[in-house]
């Protein structure tokens with residue numbers, strides 16, 4: 001949430017170049033994050049100035065569980081996440097191995113390895129799926145009905161009968177992170193965004 005938190009500290013609006021400077025990043029390094037945050041409706045960029053929207057302010061004002069719920073709602077409105085979740089639900093054991101979800105994401109406008117990791121991190125942060133480092137796969141999270149406390153309980157699906165683990169030296173896990181009008185939002189080309197730095 002770094003970029004949004006910083007923007008909030010700048011009274012909700014500031015020059016994009018100053019934000020990049022405060023984050024010790026080059027301007028072109030934060031532009032994709034700004035673009036995607038704008039697609040999600042969290043901020044607006046006009047004439048080189050980023051401004052938090054009402055949804056962005058709501059996100060920052062919420063508890064961690066409220067933030068995750070809002071991000072989950074926003075992500076599931078994107079074509080990319082809807083496609084990924086549909087493939088995950090239709091996959092055997094509700095599990096997509098790395099090769100399969102990477103292939104699927106390469107069909108979108110987000111083929112880079114960094115983008116794949118970003119997508120996985122956002123989906124994990126929002127509780128849309130989990131990452132199984134042993135199998136190097138995305139695994140669907142099955143939601144049970146709300147309990148008496150009003151909170152949803154997450155239950156991972158049963159693992160398949162046989163699993164394989166990654167060999168030594170193989171990258172294993174993706175680093176962990178982090179009520180709009182229903183619509184389908186395309187994933188912006190080249191958008192780099194992670195829960196730690198939206």
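In the condition set (1) modelled with pLDDT under 90; (2) farther than 19 Å from residue 70 by Cα, residue 40 is compliant with all but (2). If you filter region 88-101 down to residues that are surrounded by 15 or more Cβ atoms within 10 Å (Cβ to Cβ) and over 15 Å from residue 122 (Cα atoms), you find that the one that is farthest from the chain's Cα centre (by Cα) is 91.
Just one of the numbered conditions (1) in contact with a strand residue (DSSP E or B) (Cβ under 9 Å, 6 or more places away or on another chain); (2) at pLDDT below 95; (3) not in a helix (DSSP H, G or I) is not true of residue 50: (2). Taking region 7-16, which residues are exposed (fewer than 13 other Cβ atoms within 10 Å of the Cβ) and part of a helix (DSSP H, G or I)? If the condition is that a residue be exposed (fewer than 13 other Cβ atoms within 10 Å of the Cβ) and part of a helix (DSSP H, G or I), then 9 is the only one that fits. Taken together, the residues in region 27-46 that are buried (at least 17 other Cβ atoms within 10 Å of the Cβ) and in a strand (DSSP E or B) amount to 1.
The values are calculated or read from the model by the stated rules, or taken from the named source; none is laboratory data. Bear in mind that the values here come from a model prediction, so they are computed numbers and not experimental data. Using ideal geometry, Cβ is built from the backbone for each residue, glycine included, and neighbour counts are taken over all protein chains shown.
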